[in-house]
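Worksheet: the structure to be examined is printed underneath.
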Amino acid sequence: MAEIRIPKQKRSIEKKEKIIMAANQVFMEKGYFNISTVDIVNASGLSVGVFYSYFTDKKDVLLACLDRFGGELTENMCNGIESIPDSDDIEDVLIRILSILVGFHSKKHLYHNEVKALEYLDEDVKEQIKKMKNAMMDSLLDKLSAYGYYFPYKEEQVFLIYQMIEGIEEETASQKSEILDQDILLIQCTHIIRNMLLEEK
């Protein structure tokens, strides 16, 4: 196998970028498991040799896509949380935060579901997703800290909060139940988080 290159010149950087963009588009359209490296190569308009100059395999380019587009998504969410207007009503702040976190993940598709599966099957994918989760939760903690609130059992409580958010995301995306109302779910989740918080003395 040829040695993987780290592109330095503009043309090389553009080629690698073209592969990442093409791969992400193919993943979005057909999912991860349904395509091969040849599909990515064809979508990029480059050669197989060029692909293997920059990536070892399909998973390698998947990780690059998660780093790029997952990083952009996470940054957008964190910026959204940071820009929430000041309010004396902490529950209003919380529901705005939750709406941002749930809203960015509400449109599910095959690719998303397969990445979720890979999170449990592949350590590299798991680490990428973990970085995104940590960034989102750190943003939430920073916002609450600015209001003088904190979690007395941070690790456990943040874990529970993320599970609630993921549950609402899944319910919203799949619409498994016609009984559950997302607005009510968000309000109830907000009440639960508010009861977890302590105020700095």
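The values are calculated or read from the model by the stated rules, or taken from the named source; none is laboratory data. Computed from a prediction, not measured in an experiment: that's the story for all the values here. As a convention, Cβ positions derive from the backbone with ideal geometry for all residues, glycine included, and neighbour counts pool all protein chains shown. Side chains included, ligands, DNA and RNA excluded: accessible areas come from the protein's heavy atoms. Shrake-Rupley method; radii C 1.70, N 1.55, O 1.52, S 1.80 Å.
Descriptive notes on the structure:
- Placing R0 at 45 angstrom, the Cβ-Cβ distance between Glu75 and Ser47 gives a FRET efficiency of 0.85 after rounding to 0.05.
- With a cut-off of 17 Å on the backbone N, the residues of segment 62-95 near the modelled label site 7 Å out from Lys126 along Cα-Cβ are 63.
- Distance between segment 35-93 and segment 182-201 - C-alpha centres, whole angstrom: 30
- Extension gain, Lys116 to Glu199, is 26.4 nm, computed as 0.36 nm per intervening residue step minus the present C-alpha separation.
- Note on Asp88 and Lys10: the model spin-label points, each 7 Å out from Cα along the C-beta direction, lie 5.7 nm apart.
- For the chain, the Kirkwood hydrodynamic radius comes to 18.9 Å, computed from all pairs of different C-alpha atoms.
- Potential extension, Glu29-Glu166 segment - 0.36 nm per residue separation minus Cα distance: 47.0 nm
- Taking amide H positions as modeled 1.01 Å from N, with prolines and chain starts lacking one, the residues under 5 Å from Tyr149 and 5 or more places away or on another chain are Glu200.
- 14 Å Cα-Cα reach of Lys130 towards aspartates and glutamates, excluding residues that sit fewer than 8 places from it in its own chain: Asp67, Glu119, Asp122, Asp138, Glu155, Glu166
- Averaging the sequence gap over all C-alpha pairs within less than 8 Å and six or more residues apart, then dividing by the number of residues, gives segment 117-201 a relative contact order of 35 percent.
- Per residue, segment 27-177 exposes 52 Å² of solvent-accessible protein surface, assessed with a 1.4 angstrom probe and all protein chains in place.
- Contact order normalised by residue count of segment 7-108, Cα under 8 Å, 6+ apart, percent: 22
- Mean separation of Cα contacts under 8 Å, 6 or more apart, over the residue count of the chain: relative contact order %: 22
- Summed side-chain charge close to Pro85 - residues other than Pro85 whose Cβ falls under 14 Å, Lys, Arg +1, Asp, Glu -1: -3
- Candidates Ile184, Ile90, Ile35, ranked by Gaussian network fluctuation over the chain, Cα under 10 Å, top entry: Ile184
- GNM result for the chain, Cα springs below 10 Å: residue of Leu140, Leu118, Leu66 fluctuating most strongly: Leu118
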